[in-house]
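These notes are about the structure you will find just below.
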Amino acid sequence: MSAPTSDLHADRVAAWATGVGVGAMAFMLTWLIGNRLTEALWGPTAGAWVALVMAVIAGFAVTALAGARLARRVLS
């Protein structure tokens, strides 16, 4: 017996929301660790920008991967 389509939609939305949360955590960790490392290499101003770019890329990538993986699990 399969779930009603409204339940599947809600589960898909919850899966992507969880993916966004995991991506936000990846962003924060990348920012904190990356800022410490890049600041030592390039100084406070350039290091902060490099860490920010790395954190944004990591956050989006983890969000896309986690959201897609969790959404696929809902459909199967």
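The values are calculated or read from the model by the stated rules, or taken from the named source; none is laboratory data. This one's a predicted model, so the numbers in the text were calculated from it and none came from an experiment. So basically every Cβ, Gly included, is an ideal-geometry build from the backbone, and we count neighbours across all protein chains shown.
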(request) Just give me the residues in region 26-40 being among the β-branched types (Val, Ile, Thr) and either within 24 Å of ARG73 (Cα to Cα) or surrounded by 18 or more Cβ atoms within 10 Å (Cβ to Cβ) (or both), in sequence order. (result) THR30, THR38
(message) Regarding region 18-25, can at least one residue be identified that is touching a helix residue (DSSP H, G or I) at 6+ places or on another chain (Cβ under 7 Å), of a type in the set (S, T, N, Q), closer than 30 Å to LEU75 by Cα and surrounded by 13 or more Cβ atoms within 10 Å (Cβ to Cβ)?
(response) yes
(request) Give just the number: which of (1) without any contact (Cβ under 8 Å) to a residue 12 or more places away in the chain; (2) crowded, with 18+ Cβ neighbours inside 10 Å does GLY43 not satisfy? (result) (2)
(message) Residues that are surrounded by 16 or more Cβ atoms within 10 Å (Cβ to Cβ), assigned to a helix (DSSP H, G or I), modelled with pLDDT under 90 and not small (Gly, Ala, Ser): does region 50-70 have at least one?
(response) no
(message) Tell me whether region 36-43 contains one or more residues that are of a type in the set (Phe, Trp, Tyr) and modelled with pLDDT under 95.
(response) yes
